[in-house]
Amino acid sequence: MHPPHKADHSGAPISACLTRLASEIESNEQELRYASRPKIHSSNFDFKQFTLAIPFTLWIACFIMQPISPRPERSAVLLLWQLALAFEARLATELASMDLTTASFRLIGEVMLASDGLRTEELARRLKVSLSTLTATVSQMVISDLLLMSPDPADPSHQLVTLSARADLLPGIEVLARIEDVLLAGLSGEDQHAAQDLLAILNQNLQPSG
């Protein structure tokens with residue numbers, strides 16, 4: 001077990017570390033990104049394809065409007081954006097063989113983190129979907145023996161969502177482990193700890209205040 005690594009909070013080490021992370025995962029995702037990327041036609045607009053193009057478009061904008069700014073492609077925000085898109089693509093590919101979507105995977109994760117389960121209203125709020133959409137999704141996962149939905153003992157007028165005792169969570173855990181291996185491939189033990197520290201700090205900084 002490695003001792004905790006004290007992260008440097010200065011801007012340059014953060015950008016450098018994020019650059020290495022983005023480079024590593026992009027090298028592993030290159031075939032996926034180019035093989036599966038659909039073409040955009042005026043009659044068949046693909047919003048996900050549009051979002052994939054945004055970081056490059058912003059890079060061009062930064063270059064044109066601020067030609068004297070050093071290395072706009074090293075912007076922490078753009079690197080995080082690219083990393084999030086690459087992670088989403090990799091996760092979707094891994095989950096496809098399990099007949100799960102990234103949304104349903106996150107739903108399971110939210111329920112896992114709540115030891116006593118969550119009300120459907122709270123789940124819908126966290127996932128930013130309508131209550132009817134959430135209820136329909138949970139109902140399908142109940143049929144698949146992943147979740148249970150029953151009246152909340154504290155207030156039977158609400159439905160409580162919990163994990164099914166028959167739910168096999170190991171494949172999902174293995175998916176996350178494989179993605180972490182890809183994400184941190186090529187980094188030394190020290191760099192891996194530094195990356196984890198930096199990502200934790202960035203995540204904390206983005207949490208709502210108050």
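The values are calculated or read from the model by the stated rules, or taken from the named source; none is laboratory data. It should be emphasised that the depicted structure is a prediction, and the values quoted were computed from it without experimental measurement. Because the Cβ atoms are built from the backbone with ideal geometry, glycine has one as well, and the counts that use them run over all protein chains shown.
Would you confirm, using the coordinates I've provided, whether S164 is without any contact (Cβ under 8 Å) to a residue 24 or more places away in the chain, small (G, A, S) and surrounded by 13 or more Cβ atoms within 10 Å (Cβ to Cβ)?
On the way: without any contact (Cβ under 8 Å) to a residue 24 or more places away in the chain: yes; small (G, A, S): yes; surrounded by 13 or more Cβ atoms within 10 Å (Cβ to Cβ): yes.
It is true that S164 is without any contact (Cβ under 8 Å) to a residue 24 or more places away in the chain, small (G, A, S) and surrounded by 13 or more Cβ atoms within 10 Å (Cβ to Cβ).
Every residue in region 154-171 that is modelled with pLDDT of 90 or more and closer than 28 Å to A89 by Cβ, please.
V161, L163 - these are the residues of region 154-171 that are modelled with pLDDT of 90 or more and closer than 28 Å to A89 by Cβ.
Within region 167-210, work out how many residues are crowded, with 16+ Cβ neighbours inside 10 Å and under 30 Å from P151 (Cβ atoms).
2
Residues that are closer than 17 Å to A103 by Cα, over 22 Å from the mean Cα position of the chain (by Cα), in the same structural domain as R106 (by TED's automatic domain parsing) and among the small types (G, A, S): does region 140-154 have at least one?
Yes.
Tally up the residues in region 168-210 that are part of a loop (DSSP other than H, G, I, E, B) and of a type outside the set (G, A, S), please. Write out each step before concluding.
Pass one, region 168-210, residues part of a loop (DSSP other than H, G, I, E, B): 168-169, 185-188, 206-210.
Next cut, of a type outside the set (G, A, S) only: 168-169, 187, 206-208.
Matching residues across region 168-210 total 6.
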